[in-house]
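Structure first, then comments.
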Amino acid sequence: MLLVAALALGACGSDDEGSGGSGSGSSGESASKEPIKVGSLFSVTGPPAVVGEKMRKGLELAIDEINAEGGVAGRKLELVFYDPAADTNKAIDQTRRLISRDKVDVVVGGGSQSGIALAMQPLLARAGILFMATEGAREIVQPVEERKTTFKATFNDTVVLQRMAEYLSEQGVKSLGFLPDTSGFGESAKAELEKVAPEAGLKVSTQSFDPTATDLTPQLTKLRRGKPGAYVAWTTTPAGTTFLKNARRLGIDGPLGLGIGSADPAFYEQAGAAGKGALLAAGKLPVYDLLPDDDPAKEVITKFVEAYQDKYGEPANIFASQAYDGMKLVAKALEATGGDTDAEKLAEALESLDTYRGVNGEFNYTAEDHSGLGTSDVAIAAWDGKRFVPADGAGE
Amino acid sequence: MTDLLQLTFSGLTTGAAYALVALAFAIVFRGTRAINFAQGEYVMVAGVSAGALHAWLDLPLAVVVAVVIVVGALCGVLTELVCVRFVRRDDPHTVTLATIGLGVAIKAVALILTDRKAYTLPGFSGDTTLHLGGAAVDAQALWNCLLVVLAAGGLAVFLRAVPLGVALRASADDAEMAAASGFSRRAAAAWSFGIAGALAAAAGAGLAAVSPVNYDFGTLLGLKGFAAAMLGGLGSMPGAVVGGFAIGLLEAWFSGYVSSAYADIVAFAVLLVVLFSRPTGIFAAVRVERV
């Protein structure tokens, strides 16, 4: 019965439950073989191409694994993919196409850019399609009362900043010089840190910089007057490297750190000697193999990293894991509803799932929190000159 | 006091790059009356290729710098080919517009080829920090200032003492006359773009040694270099150098004493003030033409 209802709902897209609720079940047998259509948008070309490509691969890996195990509730997953190339207008057209022409059942992936995910969200909500975003911005799922059928499989910058503030505070740091860039990524972190730092007993002074800056000496010079105990820069660009070099050159010898936008060894390698010992606040993926064996994250991440390496012959990264987790979570929810793709039922299923151990951490969706990840999944790592190593002991 | 000195050195470091870019704007403007808005992208191409050459082939630094200066010059000649010859209308406005398009294209190609990766070079004299009057200075900052001096001095000699340079100057003064004497406008344009490319490449190599660079960092730099060229007086060589360092210093002081988040408006505020009050810039080298 449920399967028939699900199929009818899937086919009718935004129609209400009535249309499929009274299915006779005569076509139940063949209907159960119909695949569940997963719509997805990632920018595999355009500026976020590197991110988008990894996300698509992560998503495809998840779908392959699920289908290899027989699919969800007896139905295979079928991917319908478009590349918006970082163009929000294009993404809106493609989202409409997913809804009305392809009649997808769920959507995983919001174009690899928060702006695109934000634009897709109302369209999918209105069409009654569950949306699992793999982009970062908090606003994709907040305020949650207006985003009942929208979830995301990524860290809120809030929890990353929170963990970092706690860590520094544990290290005896009382005041922090914070350097966010002036992009949306940096601006959001700036606003969030102002909220979470006082709880950790950290005094923050902030100096912003342009994402393409080649010299952060003025910002550091200004911050240095307040003698902060540590400095952290928040950006996705190579300015993170410049920050490390400039700070050490100025003779700053306290802890230096970068945020989740800099979780790439290249940023640290290129800083040379200045990169050594610098901190990274991000997920556990960069240090997964050094986690203690009793850390439940270790097994999950190892499995993912190896499967990804096998399939694509290249190392996985955090972006691939976000899409992978997103798909697995949706599959769990579909399993729980017995294949019913009604967005509200899936949302309820996600909110009532037992803690799900994904690559990025433990997802605990609730009616109030559609991000799911908490501070315990954030690892503070340090660059030892060759690789990231856990800086916060157990990695918990 | 130490802070002021520190900020001043910071301003000179970025100012050196603006000065080289402004010089490149000047030389193209003199040779073609066009403004080459692809200029910033040359800096990016040079910076990225310098870093990539160093990373992949492990060539000595001097060779890398020499190679990218040649690459930059080729970029310049290519620009002339695309924007002047293929467009087939060598009026300066068309050429200027064509360079904007070319700049976008160069950036897109760089994005694809580099996969968004950033590249960097070691400092020309290693990772050396000098302590001057209580301020910590990257030795590379001095190298970059030296590059400006060498470039400006070299250009001055070239334009006065070398026959080709004299011909370029003649063409800038009166293209018809120069063409009648055997130095065509096309030749002048090709040489101007080529030299501009080489200058931008020097800036790119110098910058890559200060900070890692990726496909994205040329555009804003080009616009700031343009503001510097306008401040000094478009077409003036001394003006370009003064304008470049002035913008660099103003930016650094503004971020150090006022607001770092809005430091980027400095260059453009200066540009607006110049355009409103003294459109010919400080060193009015060029006759104002109503267009």
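Any read-out appearing in this document is the output of simple, stated calculations on the displayed coordinates, not a laboratory observation. The model shown is predicted, which means the values in this text are computed figures rather than measured ones. FYI the Cβ positions are ideal-geometry reconstructions off the backbone, even for glycines, and counts take in every protein chain you see.
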Note to self: Bin width 10 Å, origin at 0, all Cα-Cα pairs of the protein assembly as shown: what percent of pairs per bin?
What the structure shows: 3, 15, 22, 21, 17, 12, 7, 2, 1, 0
Next item on the list: Over segment B:197-291, calculate the relative contact order: mean separation of alpha carbon pairs under 8 Å at least 6 apart, over the residue count, as a percent.
Entry: 30
Notebook entry, point to check: Tell me, what is the percent relative contact order of segment A:137-289, built from C-alpha pairs under 8 Å that lie six or more residues apart?
Noted result: 20
Next item on the list: Identify all aspartates and glutamates with a Cα-Cα distance to A:Lys345 below 14 Å; exclude those on the same chain that are fewer than 8 residues away in sequence.
Entry: A:Asp16, A:Glu17, A:Asp105, A:Glu335
Next item on the list: Tell me what chain B gives for mean residue ellipticity at 222 nm when only DSSP H runs of n ≥ 4 count, each as -39,500 (n - 2.57), the sum divided by the residue total, rounded to 500 deg cm²/dmol.
Entry: -24000 deg cm²/dmol
Checklist line | For segment A:134-198 and segment B:1-50, distance of Cα centres in Å | finding: 36
Note to self: Need one word for segment A:153-255: rounded, prolate or oblate. Basis is the Cα gyration tensor (sqrt eigenvalues a ≥ b ≥ c); a/c below 1.5 gives rounded, then a/b vs b/c decides.
What the structure shows: oblate
Notebook entry, point to check: Once every DSSP H run of n ≥ 4 in chain A is given -39500 (n - 2.57) and the sum is divided by its residues, what mean residue ellipticity at 222 nm do you get, rounded to the nearest 500 deg cm²/dmol?
Noted result: -12500 deg cm²/dmol
Notebook entry, point to check: Rounded to the nearest 0.05, what FRET efficiency is calculated for B:Glu176 and B:Ser259 with R0 set to 45 Å and r the Cβ-Cβ distance?
Noted result: 0.35
Next item on the list: Positive end of the charge dipole of the protein assembly as shown (Lys, Arg +1 and Asp, Glu -1 on Cβ, about the Cα centre): tell me which of B:Tyr119, B:Leu146, B:Gly133 has its Cα farthest that way.
Entry: B:Leu146
Check: Which pairs break 31 Å Cα to Cα here: A:Lys203/B:Lys117; A:Lys276/B:Lys117; A:Lys148/A:Lys190?
Finding: A:Lys203/B:Lys117
Next item on the list: Would you please calculate the Kirkwood hydrodynamic radius of segment B:2-218 over all C-alpha pairs and express it in Å, rounded to one decimal?
Entry: 17.8
Check: Semi-axes of chain A's equivalent ellipsoid from the Cα gyration tensor, sqrt of 5 times each eigenvalue, largest first, rounded to whole Å?
Finding: 41, 20, 18
Next item on the list: Take the Cβ-Cβ distance between A:Ser376 and B:Asp127 as r, set R0 to 51 Å, and report the resulting FRET efficiency rounded to the nearest 0.05.
Entry: 0.85
Next item on the list: Please order B:Tyr119, B:Tyr18 by the number of other Cβ within 10 Å, starting at the fewest.
Entry: B:Tyr119, B:Tyr18
